[in-house]
Amino acid sequence: MAKDSVGESDGLTFWLARSEDYDDVMAISEDIYRGNDYLPHRYHAWLTEPHRVVMLAKREGKLVALESGLVVDDGRTVVVEGLRVSPSERGKGVAGTVQRFTDQYIQRLYPSVQVKRLTRGDNAGPQKLAKFTLLDRRAVLSLRGESEAFDAFLSELKAKVSAEEGPAPELVVLDEGEQLRGVLLDPEITSRLQLPGGAIIQDWQPLRPIESNLEVLRRRGLTWLADRAASPTFLSFHTPPYPIPYNGGSLRFNIDLFGTGLAPARRALLSHLERARGALVGMVLVHVYMHRPLWEGLREFCEVNAGVRRCRDYWEQLFLEREL
């Protein structure tokens, strides 16, 4: 076995990722997620995140694949993310080998891990889905526009809310201390907000609303809104905008909505965009994740004359699980 490697399987040698592997990882990441790839922005932070493993696979010394796993839920769950295989190796079973090795490696490090969870877009074939239990699915509304267009876009959305709903109570900004803790650890939160699969999904990362996951959420720099500070029936947050490769360099802005009311969903979407407006520069892709019945209402809400347009038809985020 090669020096410093952590194992071998099916002709692949496995290594823990390092900072100096960044360029090689980017080289195998062409066309990942339609240009919406988060890894160029998050790679270095992943290397130092507690309870995260970033695994690389090499063939004859050349990097061919990556997968990462974050251990959450009091050590019972690994959330796997970032899987990618170099174009020349796709369709050869490499992904399966990497997944099996990474699962086994994480279980050796964390024997308490019993469950593997992941989220993915809705283009998974039936064979892949057959290996997992589908816990839930959320609708995704995807918008695109130059940053300058968002001023007019927000003005039109505000006018719509005012004309159709009249004066409405302001959404509450939750601080990330005891206020947020009280909301997330409320035993009724899952049923009240109809949390997908009983989890808070933050930018594709599912986390059960339990004490040990609060620090993971704090690290993300989220802005939280609710329809009320105690026992909310609608909760939302946005992840700070981050750069992606799309169109030679763009920003991605993700908003996660939890709850079933269309009126608070519209106000939340508007408020999150207003709060992030100063950070939006250049081309911006906005992805809004929600309960499926909200999608049509939010699509209609965003159909205005400003230069922010829907860039994808209806699509879904799948939340999957399997036992290890």
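The values are calculated or read from the model by the stated rules, or taken from the named source; none is laboratory data. Note that the structure is a prediction, hence the values are computed from the model and not measured. No Cβ is skipped: glycine too gets one built from the backbone with ideal geometry, and neighbour counts run over all protein chains shown.
Can you find, within the stretch 104-127, the residue that is nearest to R76 (Cα to Cα) among those that are surrounded by 13 or more Cβ atoms within 10 Å (Cβ to Cβ) and among the basic types (K, R)? By that ranking, first place goes to K116.
Listed by first and then second residue, the pairs with beta-carbon distance under 8 Å, at least 6 apart or on different chains, first residue in the stretch 87-113 and without any contact (Cβ under 8 Å) to a residue 40 or more places away in the chain, second in a loop (DSSP other than H, G, I, E, B) and loosely packed, with under 14 Cβ neighbours inside 10 Å, are S112/D74.
For the stretch 38-45, the condition of being in contact with a Lys or Arg (Cβ under 6 Å, 6 or more places away or on another chain), assigned to a helix (DSSP H, G or I), not polar (S, T, N, Q) and not assigned by TED's automatic domain parsing to the domain that holds P206 holds for none of the residues.
The sole residue among L185, L193, L207 that is without any contact (Cβ under 8 Å) to a residue 40 or more places away in the chain and either outside the structural domain of F237 (by TED's automatic domain parsing) or over 22 Å from R275 (Cα atoms) (or both) is L185. From the list R267, R252, R299, the one residue that fits, being surrounded by fewer than 17 Cβ atoms within 10 Å (Cβ to Cβ) and in contact (Cβ under 8 Å) with a residue 24 or more places away in the chain, is R299. L262 meets each of the listed conditions (1) in contact (Cβ under 8 Å) with a residue 60 or more places away in the chain; (2) farther than 30 Å from S29 by Cβ; (3) surrounded by fewer than 22 Cβ atoms within 10 Å (Cβ to Cβ) apart from (1).
Against the test of being touching a residue at least 12 places away in the same chain (Cβ under 8 Å) and more than 26 Å from V140 (Cα to Cα), the options R52, R34 yield a single qualifying residue, R52. Residues of the stretch 61-81 that are touching a strand residue (DSSP E or B) at 6+ places or on another chain (Cβ under 9 Å) and surrounded by fewer than 18 Cβ atoms within 10 Å (Cβ to Cβ): G61, R76. Just one of the numbered conditions (1) on the phi > 0 side of the Ramachandran plot; (2) part of a loop (DSSP other than H, G, I, E, B) is not true of N247: (2).
The sole residue among G75, G35 that is under 22 Å from the mean Cα position of the chain (by Cα), over 24 Å from E20 (Cβ atoms) and at pLDDT below 95 is G35. The strands (runs of 3 or more DSSP E) located wholly in the stretch 79-195 that include 2 or more residues which are in contact with a helix residue (DSSP H, G or I) (Cβ under 7 Å, 6 or more places away or on another chain) and modelled with pLDDT of 95 or more occupy 133-146. Considering each residue of the stretch 141-163 in turn, none proves to be surrounded by fewer than 12 Cβ atoms within 10 Å (Cβ to Cβ), among the charged types (D, E, K, R) and under 23 Å from L222 (Cβ atoms).
Yes/no per residue for (1) part of a strand (DSSP E or B); (2) over 30 Å from E30 (Cα atoms):
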| site | (1), (2) |
| --- | --- |
| W224 | yes, yes |
| S236 | yes, yes |
| L270 | no, yes |
| L273 | no, no |
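For the residues S68, S142, S86, the requirement of being within 30 Å of P243 (Cα to Cα) and assigned by TED's automatic domain parsing to the domain that holds P240 singles out S142. With respect to (1) crowded, with 16+ Cβ neighbours inside 10 Å; (2) under 28 Å from T190 (Cβ atoms); (3) out of contact with any His (no Cβ under 8 Å at 6 or more places or on another chain), the lone exception for M283 is condition (2). A single entry from S212, S231 fulfils the requirement of being in a loop (DSSP other than H, G, I, E, B), in contact (Cβ under 8 Å) with a residue 40 or more places away in the chain and not hydrophobic (A, V, I, L, M, F, W, C): S231.
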